[in-house]
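Colleague: Structure incoming, see below.
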Amino acid sequence: MTFPVIGVVGGGQLARMMAPAATALGFELRVLAEGEDVSAVSAVPTSPVGDYRDLDALLEFSQGLDVMTFDHEHVPTEHLRVLQAAGVNVQPGPDALVNAQDKLVMRAAIDRLELPNPTWASVEDVEALVAFGEQTGWPVVLKMPRGGYDGKGVRIVDSPEEARQTTEWFEAMAPLLAEAKVDFSRELSALVARTPDGESRAWPVVHTIQVDGVCDEVIAPAQDIPLEVAAAAEDAAVRIANELGVTGVMAVEMFETPGVGAGFLINELAMRPHNTGHWTQDGSVTSQFEQHLRAVLNLPLGATDVLGPIVVMKNFLGGDNQELFSAYPMAMASEPAAKIHCYGKEVRPGRKIGHVNLVGASAADVDSVRQRATTVANIIRDGRAPARPGPGNSEEHS
């Protein structure tokens, strides 16, 4: 019996969470890991260490693979073109992936597709940034086109005076992306998967909550979203996938803008499984990780139905508790229905180390489901039961 061999470039938690799906389907997963201690190594037996920026390492890793895919978007585009020319089945391909690698390319593509974009410009220097701010109004958002994630490489510029303090950004990378700061009610994510043959399936649009630029919580499906906005956002994601030739899972992060245009503006693209899709592991018929493997292998895609009226995903970051397992008995006892996913990472303050999924019995219970998921996550993070809210001792829940 011969089953396909899938290679994943990057050994983070996304590669790690592809492993159970691959095992269930009988696929062999291999990972090109950044080091011996990265997240996926303990879950994937074949995890050679190599630099994704090294073409020779990529070519060596590609030997024996049926398909190569990614845990992140940072592999140099020119390397991917060489791999393709050498006959490697790269999914998604470089022509699609560049739209997730380079925010300037992405903004131009969204304009070309006539989908809702914030006002933006490519700015070569400080004076061009000042001119953009004077034209659109302050504040503006300055972004490095390549390499940023989880809020890194993003800076809010409030005035011409602050703009003139960004010289080091232009010295590091130019041109940069300038965007008008969007007045939005909440952030959304539309997740879709597409095969090389063009089959696509989308999950419901979800509400995402960011804290300090990092995804903190996801509510699926997004509550109280107008049907026409949800449908338009889903359609936009499918259209982007089709028009750009995306394969695998893609997340389209959006700003909800009630009363403006279609009711949303597109923020960023990610062409891989994404934090805003982790809820699908326990809340959807097909998880984003299984779907990604199906898609890059050009297999029929799985159903994306939600397994309950409400699903909440809550991230937990590194905190006081260094011995995460020591908190499991208390965390599991506090909410037996919760599903805990831990990434096998060294605990460091502010580092993503796991998440909790919880399916609710009723959409009316969304606040309760969020609080219960948060309680489990906080117990693991802190290693102790959360303080009981009371006079002078209340815990704000975002």
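Every read-out reported here was derived from the displayed coordinates using simple, explicitly stated rules and does not represent laboratory data. Just so it is clear, the structure is predicted and the values come from calculations on it, not from any experiment. Every residue, glycine as well, gets a Cβ built from its backbone with ideal geometry; the counts of neighbours run over all protein chains shown.
Colleague: Would you mind counting up the charge near P204? Only other residues with Cβ under 10 Å from its Cβ, with Lys and Arg at +1 and Asp and Glu at -1.
Modeller: Here the count lands on -2.
Colleague: With +1 assigned to the C-beta of every Lys and Arg and -1 to the C-beta of every Asp and Glu, and no other charges, what is the dipole magnitude of the chain about the Cα centre in debye, to the nearest 20?
Modeller: Magnitude of the dipole: close to 880 debye.
Colleague: Just to be sure I understand: of the beta bridges DSSP finds with both ends in the chain, what percent are antiparallel, rounded to 5?
Modeller: Looking only at bridges with both residues in the chain, the antiparallel portion is about 80 percent.
Colleague: Here's another thing I want to ask about it. For Cα pairs less than 8 Å apart in space and 6+ apart in sequence, what is the mean separation divided by the residue count of the chain, i.e. the relative contact order in percent?
Modeller: The normalised contact order for the chain reaches 13 percent.
Colleague: Now a separate question. At 7 Å along Cα-to-Cβ for each site, give me the label-to-label distance between V347 and A303 in nm.
Modeller: Calculated label separation equals 4.0 nm.
Colleague: Can I ask one more? Multiply the residue separation of E161 and Q322 by 0.36 nm, subtract the distance between their alpha-carbon atoms, and state the gained length in nm to one decimal.
Modeller: Details: separation 161, 0.36 × 161 = 57.96 nm, distance 4.28 nm.
Extra length from E161 to Q322 when fully extended: 53.7 nm.
Colleague: Please identify the helices of the chain, taking whole runs of DSSP H, that span at least 20 Å along their own axis as judged from the Cα atoms and have a mean Kyte-Doolittle score of -1.0 or higher.
Modeller: Numbers: long enough: 227-244 (25 Å, 0.62); 366-382 (24 Å, -0.26).
Helices meeting the criterion: 227-244, 366-382.
Colleague: Would you mind counting up the charge near R164? Only other residues with Cβ under 11 Å from its Cβ, with Lys and Arg at +1 and Asp and Glu at -1.
Modeller: -4
Colleague: Now for a different question. Ranked by Cβ crowding within 10 angstrom, fewest neighbours first, how are V8, V141 ordered?
Modeller: V141, V8
Colleague: What residue among R351, R146, R107 has the largest mean-square fluctuation in a Gaussian network model of the chain, using Cα springs under 10 Å?
Modeller: Comparing R351, R146, R107 in the GNM, the peak value goes to R351.
Colleague: Taking only Cα atoms and a 10 Å spring cutoff, compute GNM fluctuations for the chain and point out the largest among L115, L25, L324.
Modeller: L25
Colleague: Can you compute 3J(HN,Hα) from phi for each residue in the stretch 63-74, using the Karplus curve 6.51 cos²θ - 1.76 cosθ + 1.60 with θ = phi - 60°, rounded to whole Hz and x for Gly and Pro?
Modeller: With the stated coefficients, the stretch 63-74 comes to 5, x, 8, 7, 7, 10, 9, 9, 8, 8, 9, 8 Hz.
Colleague: Quick one: if you take sqrt(5λ) for each eigenvalue of the C-alpha gyration tensor of the stretch 5-90, what semi-axes come out, biggest first, whole angstrom?
Modeller: Computed over the stretch 5-90, the values are 20, 14, 10 Å.
Colleague: Still on this structure, I have one more. Rounded to the nearest Å, what's the spacing between the alpha carbon centres of the stretch 235-277 and the stretch 1-25? Just the number, please.
Modeller: Between the Cα centres of the stretch 235-277 and the stretch 1-25 lies a distance of 25 Å.
Colleague: Lys/Arg Cβ at +1, Asp/Glu Cβ at -1, dipole of the chain taken about the Cα centre: which of V154, V75, G10 is farthest positive-ward?
Modeller: G10
Colleague: Along the stretch 257-264, what does the Karplus equation 6.51 cos²θ - 1.76 cosθ + 1.60 (θ = phi - 60°) give for ³J(HN,Hα), rounded to whole Hz, x for Gly and Pro?
Modeller: 10, x, x, 10, x, 7, x, 7
Colleague: Further question: Past the 22 Å Cα-Cα mark, which pairs from K103/K345; K143/K345; K314/K339; K152/K352; K181/K314?
Modeller: Numbers: K103/K345 29 Å; K143/K345 28 Å; K314/K339 10 Å; K152/K352 14 Å; K181/K314 27 Å.
Where the Cα-Cα span goes over 22 Å, the pairs concerned are K103/K345; K143/K345; K181/K314.
Colleague: Using 1/(1 + (r/R0)^6) with R0 = 56 angstrom and r between the beta carbons of M332 and A86, what's the FRET efficiency to the nearest 0.05?
Modeller: After rounding, the FRET efficiency stands at 0.70.
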